[in-house]
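Working notes, beginning with the structure itself.
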Amino acid sequence: MSGEWWRNGVIYQIYPRSFQDSNDDGIGDLAGLRRQLDYLTWLGIDALWVSPFYPSPMADFGYDVADYCNVDPIFGSLEKFDRLVAEAHERRLKVIVDFVPNHSSIEHPWFQESRRSRADPKRDWYIWRDPAPGGGPPNNWISNFGGGAWTLDRDTGQYYHHAFLAEQPDLNWRNRQVRAAMHDVMRFWLARGVDGFRVDVIWHLMKDAALRDNPPNPAWTPDQPELERLAQAYSADQPEVQQIIAGLRRVVDEFDDRVLIGEIYLPIDRLVAYYGEGLKGVHLPFNFHLLQTPWRAPQVAALIQSYEAALPEGAWPNWVLGNHDRARIAARVGQAQARMAVMLLLTLRGTPTLYYGDEIGIGVVTIAPEQIRDPWAKREPGLGVGRDPARTPMQWDASNLAGFSTHEPWLPLTDDHRTRNVAVMRGDPTSILTLTRALLQYRRARPALAKGSWSLIDSNEDLLIYERREGDERLFVALNFGEAAQDWALPAELSGLEIALSTHGDRKGESVGSSLRLRPDEGVIFAPP
């Protein structure tokens, strides 16, 4: 693939701690990931996005970076990373890596220098402020993980800002030296052959220059995370962030055929602003709204329509169904609907991102109190914010530890891992893994799915039907969100169609007459033969 490959490709996110362990310490690594490249090729994805593997004290499992230009020994080495990229490219797989520019680790040399004194040349590389009049933090901002977003450094008498843990101080992107240093980090990895970046919390990079207090959120209730007690009016999504993103894009554009993706949890009208003026922002502002929208046909139909309508001229859409921060799709909607959800993801217009393990339907994983690793879950217990269940090991076979490792994994496996694994499901023509692979193959073979237009045909309380079209090629997708069978009367102009794929796996080639019957939880693709 070349020439804006990210438009037609399918991205597969890998949380490296949990994909494959090669040295039997219970933690996945880059060499283990490399061992599974043939699986990814077999599955049919086009690009792998690898979550952080940089040197880190692991306060937030790699999102607290102590060295932006190296590999943590837990995961391997630069040489092993280079080999991963080379072997991925040999298989025509693109490699996207996480870039974490909002904050570093408290152990990063930059911060160690910054905190030495108020006069240190790197003091302004981070956000330091005097206490508020009368003492206490400079403002009322709340950490994304609960608690205050400021920590007092007693040696210098000032507070530093951290949008997440105190071990993750925020960099000051108003400082041009910071921008230059981080641009050089990007060039370091681009020169090593990476095909792009997913930029962590990109909407956080600029804060209000005056550090004004955030206003209260009147909708907040005590059963919600503390962060939501205030509206993030001044601590994120500031207008100046677009200038920062334009600078990141210019660096990426110094290299051929690379992609810039932004992590952005914002309403659609704000999300689409991150394409930037003249589409010179991120290529793909991650669209997480399928993770948040009620799983009902009318709401999903309304979401797709509103998103499509909001896209700037020439902007390319994208969809995400699961990631390392949210409950897995099978845990959210159940195993039956998870199959239909994969069909939805892989047939909408735009670039889809598939999260590792969703292709085998990893669902609810029980995490005992003593097994909790997520710092957010530890800081705000009882609110259901724990991310550990979305980060459990990939399940490769029916052995005791699912082929992930010979050492007890850092997080537990599912209770059904002896049957819910690649080896078993690969040989089962009715499995969700077989369905996912068939959908990926069909998508690759059909220009209408890879790059065609999208239009809504019909929607009711349970059914969502839409068309994908590219030139003379037309195909249709019908999804039943309900628990009962549904009949849909085809418009008179549609005739001579047959089913190409069903989530139930047994209807290929079936003719579609004047009416289409969908079984409970079933999705089908139908098209001219």
Open item on the list: Looking only at segment 29-57, filter to residues that are of a type in the set (Gly, Ala, Ser) and not in a loop (DSSP other than H, G, I, E, B); which one of those is surrounded by the most Cβ atoms within 10 Å (Cβ to Cβ)?
Closed with: ALA47
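Results for (1) of a type in the set (Asp, Glu); (2) within 18 Å of ASP170 (Cβ to Cβ); (3) touching a Leu at 6+ places or on another chain (Cβ under 6 Å), shown as yes or no for each residue.
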| residue | (1), (2), (3) |
| --- | --- |
| ASP72 | yes, no, no |
| HIS89 | no, no, no |
| ASN102 | no, yes, yes |
| TRP110 | no, yes, no |
Open item on the list: Going through TYR234, TYR265, TYR274 one at a time, which residue ends up being more than 30 Å from GLY382 (Cβ to Cβ), assigned by TED's automatic domain parsing to the domain that holds TRP49 and among the hydroxyl-bearing types (Ser, Thr, Tyr)?
Closed with: TYR274
Task: Selected residue (criterion: surrounded by the most Cβ atoms within 10 Å (Cβ to Cβ)) from residues of segment 135-148 that are out of contact with any helix residue (DSSP H, G or I) (no Cβ under 9 Å at 6 or more places or on another chain) and either assigned by TED's automatic domain parsing to the domain that holds ALA377 or part of a loop (DSSP other than H, G, I, E, B) (or both) - done: TRP141
TODO: Go through (1) in a helix (DSSP H, G or I); (2) farther than 29 Å from ASN460 by Cα and name the single condition VAL282 misses.
DONE: (1)
TODO: Considering every residue within segment 342-356, establish whether at least one is assigned by TED's automatic domain parsing to the domain that holds TYR63, in a loop (DSSP other than H, G, I, E, B), within 21 Å of ASN421 (Cβ to Cβ) and among the small types (Gly, Ala, Ser).
DONE: no
Open item on the list: Is it the case, given these coordinates, that TYR54 is among the aromatic types (Phe, Trp, Tyr), out of contact with any helix residue (DSSP H, G or I) (no Cβ under 8 Å at 6 or more places or on another chain) and either within 30 Å of ALA31 (Cα to Cα) or without any contact (Cβ under 8 Å) to a residue 40 or more places away in the chain (or both)?
Closed with: yes
Task: Residue check for TYR275: over 22 Å from ARG326 (Cβ atoms), surrounded by 15 or more Cβ atoms within 10 Å (Cβ to Cβ), in contact with a Pro (Cβ under 7 Å, 6 or more places away or on another chain) and at pLDDT 95 or above - done: yes
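Restricting to segment 251-286, what's the tally of residues that are of a type in the set (A, V, I, L, M), within 15 Å of GLY196 (Cβ to Cβ) and over 17 Å from the mean Cα position of the chain (by Cα)? First the steps, then the outcome.
Going through segment 251-286, the residues of a type in the set (A, V, I, L, M) turn out to be 251-252, 259-261, 264, 266, 268, 271-273, 279, 282, 284.
Right, trim to within 15 Å of GLY196 (Cβ to Cβ) and you get 251-252, 259-261, 282, 284.
Retained after the next criterion (residues that are over 17 Å from the mean Cα position of the chain (by Cα)): 251-252.
Of the residues in segment 251-286, 2 are of a type in the set (A, V, I, L, M), within 15 Å of GLY196 (Cβ to Cβ) and over 17 Å from the mean Cα position of the chain (by Cα).
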Task: Conditions (1) surrounded by fewer than 16 Cβ atoms within 10 Å (Cβ to Cβ); (2) among the hydrophobic types (A, V, I, L, M, F, W, C); (3) farther than 30 Å from ASP195 by Cα: number failed by ALA246 - done: (3)
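If you check ARG332, ARG373, which single one turns out to be among the charged types (D, E, K, R) and part of a loop (DSSP other than H, G, I, E, B)?
The conditions single out ARG373.
Mind listing just one residue for me: the one in segment 451-508 that is of a type in the set (S, T, N, Q) and part of a loop (DSSP other than H, G, I, E, B) and, of those, surrounded by the most Cβ atoms within 10 Å (Cβ to Cβ)?
If we filter segment 451-508 for residues that are of a type in the set (S, T, N, Q), which is where we start, we get 453, 455, 459-460, 480, 486, 495, 502-503.
Subset that is part of a loop (DSSP other than H, G, I, E, B): 460, 495, 503.
Working: ASN460: 14, SER495: 11, THR503: 26.
So the residue we want is THR503.
For segment 404-435, which positions are within 27 Å of THR503 (Cβ to Cβ), touching a residue at least 24 places away in the same chain (Cβ under 8 Å) and part of a loop (DSSP other than H, G, I, E, B)? Working first, answer last.
Going residue by residue through segment 404-435, those that are within 27 Å of THR503 (Cβ to Cβ) are 413-435.
Adding the requirement that they be touching a residue at least 24 places away in the same chain (Cβ under 8 Å) leaves 413-415, 420-425, 429-435.
Those that are within 27 Å of THR503 (Cβ to Cβ), touching a residue at least 24 places away in the same chain (Cβ under 8 Å) and part of a loop (DSSP other than H, G, I, E, B): LEU413, THR414, ASP415, ARG420, ASN421, PRO429, THR430, SER431.
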Open item on the list: Under 6 Å between Cβ atoms, which residue pairs at least 6 apart in sequence (or on different chains) link something in segment 127-151 that is closer than 13 Å to ARG212 by Cα and modelled with pLDDT of 95 or more with a partner that is assigned to a loop (DSSP other than H, G, I, E, B) and of a type in the set (Asp, Glu)?
Closed with: ASN139/ASP213; ASN140/ASP213
Open item on the list: Checking ARG326 against (1) crowded, with 23+ Cβ neighbours inside 10 Å; (2) of a type in the set (Lys, Arg); (3) not in a helix (DSSP H, G or I): exactly one of these is not met. Which one?
Closed with: (1)
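This table checks each residue for (1) farther than 25 Å from PRO375 by Cβ; (2) among the polar types (S, T, N, Q); (3) crowded, with 21+ Cβ neighbours inside 10 Å.
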| position | (1), (2), (3) |
| --- | --- |
| SER77 | yes, yes, no |
| LYS80 | yes, no, no |
| ALA88 | yes, no, yes |
| VAL100 | no, no, yes |
| HIS103 | no, no, yes |
| HIS108 | no, no, yes |
| GLY157 | yes, no, no |
| ALA163 | no, no, yes |
| ALA166 | no, no, no |
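Can you pull out every residue in segment 191-210 that is farther than 27 Å from GLY148 by Cβ and either of a type in the set (Asp, Glu) or crowded, with 19+ Cβ neighbours inside 10 Å (or both)?
Of segment 191-210, the ones farther than 27 Å from GLY148 by Cβ are 191-198.
Answer for segment 191-210, where residues must be farther than 27 Å from GLY148 by Cβ and either of a type in the set (Asp, Glu) or crowded, with 19+ Cβ neighbours inside 10 Å (or both): VAL194, ASP195, GLY196, PHE197, ARG198.
The values are calculated or read from the model by the stated rules, or taken from the named source; none is laboratory data. Keep in mind that this is a model prediction, so the values were computed, not measured. Every residue, glycine among them, receives a Cβ derived from its backbone with ideal geometry; neighbour counts consider all protein chains shown.
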